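Below: the structure, in structure tokens.
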Amino acid sequence: MADNARARKLADRIQVVVAETLDRRIKDPRLGFVTITDARVTGDLREATVFYTVYGDEEERAASAAALESAKGVLRSEVGRQTGVRFTPTLTFVPDALPDNARTIEDLLDKARAKDAEVREVSTGKTYAGEADPYRKPEDDDADDAEDGPEDDEDGTGAR
């Protein structure tokens with residue numbers, strides 16, 4: 001069983017090798033503008049998952065996925081040659097969900113900005129229902145105590 005540090009190093013190396021090989025050796029016309037975003041290797045170093053993104057629409061994504069599947073053998077051979085591990089891990093290509101998540105977050109932020117602008121429009125020219133600052137200040141408490149003063153006893157000590 002390999003340690004996690006070795007698996008992380010191998011994953012980083014696989015990411016670089018796959019990206020360079022796609023750039024230099026794979027000449028498939030279906031392959032669009034592909035970016036390798038991450039690679040993960042199992043603890044036994046037998047399987048590698050490579051995450052990628054494709055710039056373009058759904059049609060280009062599907063074409064690039066087909067091109068990656070057909071180039072899987074060449075990419076695995078290159079990974080085995082450049083890493084020098086005893087068993088070359090099998091490669092699985094998975095489209096990265098990060099751009100979709102980022103798009104969803106951007107949409108939510110746009111909605112929040114629109115709601116904030118709406119609230120700002122409604123509140124312009126309005127006044128508070130009560131005082132502008134409804135909180136008590138510490139100096140106000142001290143001023144109230146100073147007005148009362150210590151109560152004097154018969155002996156003048158102020159004790160009760």
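The values are calculated or read from the model by the stated rules, or taken from the named source; none is laboratory data. Just so you know, these numbers come straight off a predicted model, no measurement behind them. Here Cβ is always computed from backbone atoms with ideal geometry, including for glycine, and neighbour counts include all displayed protein chains. The area values use the complete protein model at the heavy-atom level, side chains included, leaving out ligands, DNA and RNA. Shrake-Rupley method; radii C 1.70, N 1.55, O 1.52, S 1.80 Å.
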Test of understanding: among V54, V50, V16, V41, which residue is more than 17 Å from L91 (Cα to Cα) and within 22 Å of the chain's Cα centre (by Cα)? V54
Only one residue in G80, G43 is among the small types (G, A, S), more than 21 Å from L98 (Cβ to Cβ), open to solvent by less than 50 Å² (accessible area, probe 1.4 Å) and not in a helix (DSSP H, G or I), so which one is that? G43
Going residue by residue through region 9-24, is there one that turns out to be assigned to a loop (DSSP other than H, G, I, E, B) and surrounded by 15 or more Cβ atoms within 10 Å (Cβ to Cβ)? no
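Within region 29-40, can you find the residues that are in contact with a strand residue (DSSP E or B) (Cβ under 7 Å, 6 or more places away or on another chain), without any contact (Cβ under 8 Å) to a residue 60 or more places away in the chain and open to solvent by 40 Å² or more (accessible area, probe 1.4 Å)?
Taking region 29-40 first, the residues in contact with a strand residue (DSSP E or B) (Cβ under 7 Å, 6 or more places away or on another chain) are 32-40.
Narrowing further to those that are without any contact (Cβ under 8 Å) to a residue 60 or more places away in the chain: 32-36, 38-40.
Hits for region 29-40 are F33, T35, D38, R40.
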Against the conditions (1) farther than 15 Å from T49 by Cα; (2) over 30 Å from the mean Cα position of the chain (by Cα), where does I105 fall short? Just the number, please. (2)
What residue, among those in region 52-64 that are more than 20 Å from R40 (Cβ to Cβ) and of a type in the set (A, V, I, L, M), is most open to solvent (accessible area, probe 1.4 Å)? A62
Enumerate the pairs (first residue in region 65-76 and over 13 Å from V34 (Cα atoms) and open to solvent by 60 Å² or more (accessible area, probe 1.4 Å); second residue anywhere and outside any helix (DSSP H, G or I) and among the acidic types (D, E)) with beta-carbon separation below 6 Å, excluding pairs fewer than 6 apart on the same chain, so at least 6 apart or on different chains. none
Region 8-28 residues that are over 22 Å from F87 (Cβ atoms), paired with ones that are open to solvent by 70 Å² or more (accessible area, probe 1.4 Å) (beta carbon under 9 Å, 6 or more apart): D28/S70
Within region 64-77, is even one residue farther than 16 Å from D28 by Cα and among the hydroxyl-bearing types (S, T, Y)? yes
